[in-house]
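The values are calculated or read from the model by the stated rules, or taken from the named source; none is laboratory data. It should be emphasised that the depicted structure is a prediction, and the values quoted were computed from it without experimental measurement. Every residue, glycine as well, gets a Cβ built from its backbone with ideal geometry; the counts of neighbours run over all protein chains shown.
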Amino acid sequence: MLWLTECIYCGGFVYHLNDGRIKCSACHKKTSKEKINKIITLLDAFVNNETAHHCAKRLHLSYISVQKQFHTFRLLCGMVCEREYESHRHLSCEFEEYFYLEESKKAHKEAIFDAHNFLTFDYDGHIYTLLLPSLQKYKQQFLDDNIEDAYIQTFKKFKRESKLIKLKHSQNNILDFWYYFEKKICAYKGVNHKNFGYFLKEFEFKYNHSKESAKQLLIKEYFNL
Ligand SMILES: [Zn+2]
């Protein structure tokens, strides 16, 4: 285990203190072995798409604490994504709009207002997503005005047309990302509307990186290396 013999911050030689912590001989930082171990174990589970619920059970930890930690990892994913966007934005790109609606909601016509709408950019093989405003706030207005049917018809037509565009470029990175995203998000069995953006960034991040590089990037980000 790397962090027991080497400092996680600088790679320096570490001393083992009597209180169970380790102290770096080079940067003098003191850290708890247990804490580092726990974070890295949880990061590993997160990168391997284990759910917080499953992970808490397996490691005998409280679900709330694992969920909190996973949320922190998701925020870090988002930070890395934004930074990577800055380094890719000068490249030429293609983009397409996407609507995501949970499978269980597809049968209800009004559920269209619950769809998540986002843009997906492909910068030369690097994916970036941008969540667009939720339609939910307009739902009541449409219902009050009794024009939701007209809206839903227009929306369906639009979706069909965007599907045609999709089919034209069948082998593309954007489409691959959508398939990947739909498959992964299903494992969460319903994501709270206000958290959707975090999950979107989680999968953008994971899509752009191998598991090993995702883990290393998150370790760096978490420990501020
Ligand atoms: Zn150090």
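Of all residues in region 187-225, how many are out of contact with any Cys (no Cβ under 9 Å at 6 or more places or on another chain), small (Gly, Ala, Ser) and outside any loop (DSSP other than H, G, I, E, B)?
Looking only at that region, the number is 2.
On the given criteria, is residue 162 polar (S, T, N, Q), modelled with pLDDT of 75 or more and exposed (fewer than 15 other Cβ atoms within 10 Å of the Cβ)?
So residue 162 fails the test.
Check whether at least one residue in region 7-24 is in a loop (DSSP other than H, G, I, E, B), acidic (Asp, Glu), over 25 Å from residue 67 (Cα atoms) and not assigned by TED's automatic domain parsing to the domain that holds residue 217, and report yes or no.
yes
Could you say which residue among 98, 63 is surrounded by 12 or more Cβ atoms within 10 Å (Cβ to Cβ) and either under 27 Å from residue 224 (Cα atoms) or not assigned by TED's automatic domain parsing to the domain that holds residue 193 (or both)?
Of the residues listed, the single one that is surrounded by 12 or more Cβ atoms within 10 Å (Cβ to Cβ) and either under 27 Å from residue 224 (Cα atoms) or not assigned by TED's automatic domain parsing to the domain that holds residue 193 (or both) is 63.
Going by the structure shown, is residue 18 away from the ligand (no atom under 14 Å from the Cβ) and farther than 18 Å from residue 220 by Cα?
Here the answer is yes, as residue 18 does meet what is asked.
Among the residues in region 35-53, are any within 16 Å of the ligand (Cβ to nearest atom), crowded, with 16+ Cβ neighbours inside 10 Å and in a strand (DSSP E or B)?
no
Looking at region 178-225, which of its residues are of a type in the set (S, T, N, Q) and closer than 30 Å to residue 135 by Cβ?
The answer is 192, 195, 208.
For residue 71, state whether it is away from the ligand (no atom under 16 Å from the Cβ), over 21 Å from residue 220 (Cα atoms), of a type outside the set (Gly, Ala, Ser) and assigned to a helix (DSSP H, G or I).
Against the criterion (away from the ligand (no atom under 16 Å from the Cβ), over 21 Å from residue 220 (Cα atoms), of a type outside the set (Gly, Ala, Ser) and assigned to a helix (DSSP H, G or I)), residue 71 does not qualify.
Search region 30-42 for residues that are over 11 Å from residue 20 (Cβ atoms) and pair each with any residue that is of a type outside the set (Val, Ile, Thr) and at pLDDT 85 or above when their beta-carbon atoms are under 6 Å apart and the residues are at least 6 apart or on different chains.
42/69
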